[in-house]
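Have a look at the structure below before the remarks.
The values are calculated or read from the model by the stated rules, or taken from the named source; none is laboratory data. The shown structure was predicted, so the numbers you read here are calculated from the model rather than taken from an experiment. Methodologically, a virtual Cβ is constructed for each residue, glycine included, from the backbone with ideal geometry; neighbour enumeration extends over all protein chains shown.
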Amino acid sequence: MRRKQIAGQTGFTLVEISIVLVIIGLLLGGALKGQELINSAKVKNLAQDFRTVPVLINAYQDKFRALPGDDGRAASHVCPTSTPACTTGGDANGSIGGHWDDAAATASESVLFWQHVRLANLAAGATNLADANFLPFNSEGGRLGIQAGGESAPFDVPGSQVICSAAIPGKFIRQLDSILDDGDPETGNLRAGMDSSNSAVTTATLDDSTPYVACLGV
């Protein structure tokens, strides 16, 4: 009786196994391709942040002949007549003071930059510094900000103004630098590094899973 049961059992044929392996391969390939598309979309989103800020600067300067955040007459430029003191002006020295990741409560020129461009209807977002959603963040959940360039520029990035975006994984830094600059996070107009250090990371030490701050000089 036992012999008959054993004899009656059948296994998968090579053809069936091949079909299963092909299906598994297709599923894995589709999943990897899907993740690749998601990552590509994230990098494009991060790149767009860096491209948008200079557009805001140019639009504001064309409109008011002043630098947002630094605009000494911002109240008269962007405040409605019903709320003539809706913002604070900068010192009008031609440079955006403060640090790119200043807290909203500091009301530094780096913070006022976002208030000025929003009140001027050039960008969407909260205009009240006390609003929990006032400060801008990138798609990775890291702060997005701007400050003056020069000696205080993060990672010695060249440029009159410096745009910085935080919490960007190293694997995205590689692609981002290739899109916006020379592909090397240690040189050029876009550089990346750690929050705790002002030294840009080298290509050799860039870790795919580590979050970095990327800064672009404009």
* of a type in the set (S, T, N, Q) and assigned to a strand (DSSP E or B) - does that describe any residue in the stretch 118-139? -> no
* From 126, 148, 120, which residue is surrounded by fewer than 18 Cβ atoms within 10 Å (Cβ to Cβ), aliphatic (A, V, I, L, M) and either more than 17 Å from the chain's Cα centre (by Cα) or under 18 Å from residue 52 (Cβ atoms) (or both)? -> 126
* Asked: What pairs come up if the first residue lies in the stretch 47-70 and is at positive phi, the second is of a type in the set (A, V, I, L, M) and in a helix (DSSP H, G or I), and their beta carbons are under 9 Å apart, counting only those six or more places apart or on different chains?
  -> 69/111; 69/112; 69/117
* Asked: Restricting the stretch 151-189 to residues that are of a type in the set (Asp, Glu) and without any contact (Cβ under 8 Å) to a residue 12 or more places away in the chain, which is surrounded by the fewest Cβ atoms within 10 Å (Cβ to Cβ)?
  -> 151
* To do: Give the residue, chosen from 51, 65, that is under 22 Å from the mean Cα position of the chain (by Cα), modelled with pLDDT of 95 or more and among the charged types (D, E, K, R).
  => 51
* **When residues of the stretch 88-102 are limited to those that are within 14 Å of residue 114 (Cβ to Cβ) and free of Cβ contacts under 8 Å to residues at least 40 places away in the same chain, the one surrounded by the fewest Cβ atoms within 10 Å (Cβ to Cβ)** => 88
* residue 107 vs. criteria surrounded by fewer than 20 Cβ atoms within 10 Å (Cβ to Cβ), more than 19 Å from residue 54 (Cβ to Cβ) and in contact with a Ser or Thr (Cβ under 8 Å, 6 or more places away or on another chain) -> yes
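Out of the residues in the stretch 170-194 that are assigned to a loop (DSSP other than H, G, I, E, B) and in contact with a strand residue (DSSP E or B) (Cβ under 6 Å, 6 or more places away or on another chain), state the one that is nearest to residue 153 (Cα to Cα).
This residue is 189.
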* Only one of (1) over 21 Å from residue 54 (Cα atoms); (2) surrounded by 17 or more Cβ atoms within 10 Å (Cβ to Cβ) fails for residue 205. Which number is that? -> (2)
* Structure fact -> Those residues of the stretch 139-163 which are touching a Cys at 6+ places or on another chain (Cβ under 6 Å) and under 12 Å from residue 191 (Cα atoms) amount to 154, 155, 157, 162
* Among the residues of the stretch 73-87, write down those that are surrounded by fewer than 19 Cβ atoms within 10 Å (Cβ to Cβ) and within 18 Å of residue 122 (Cα to Cα). => 73, 75, 76, 79, 80, 86
